[in-house]
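Since the structure comes first, as C-alpha cells, the remarks are kept for the end.
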Amino acid sequence: MKAAGRIIDLTATEYELLRVLTLNAGKVVTYDRMLRQVWNRHEGADSGLVRMFVSNLRRKLGDCAATPVRIVNQRAVGYCLAMPADS
C-alpha cells in the first residue's frame, strides 16, 4: 500500500481492517462489527484485539493516538476513519 508518497507494508489483517474502515469512512464502526468482519468473531469478543491492530495501523500510517487525524476513536464504541477535507 502507498500513503503520503511512501510504501507501507500491511499485514493481511491490517489491510482488511483498513478496508472495513475505508468502506465506512466518516461513520463509526463498532468494535463488534470490526470483530465480525475482520476476524469472524462473535459479539462480546475481546475489543483489545481491535485496539492493538488499530494502534499498529495508526503507527504505520503516521497517525498519533493522542491527536489522531486519520483513525479517530469513539470511546467505548469503535473507530471512525476521518473523511478527507474537501479540496
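The values are calculated or read from the model by the stated rules, or taken from the named source; none is laboratory data. Computed from a predicted structure; not experimentally measured. Here the Cβ positions follow ideal geometry from the backbone for every residue, glycine too, while neighbour counts run over all protein chains shown.
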How many residues does region 11-24 hold that are more than 10 Å from the chain's Cα centre (by Cα) and either of a type in the set (S, T, N, Q) or at pLDDT below 95 (or both)?
3
If we only count strands (runs of 3 or more DSSP E) wholly inside region 2-87, which ones have 1 or more residues that are out of contact with any Phe, Trp or Tyr (no Cβ under 7 Å at 6 or more places or on another chain), surrounded by 15 or more Cβ atoms within 10 Å (Cβ to Cβ) and in contact (Cβ under 8 Å) with a residue 40 or more places away in the chain?
28-30, 78-81
I'd like to check something: does region 53-66 contain any residue that is of a type in the set (Asp, Glu) and in contact with a strand residue (DSSP E or B) (Cβ under 7 Å, 6 or more places away or on another chain)?
yes
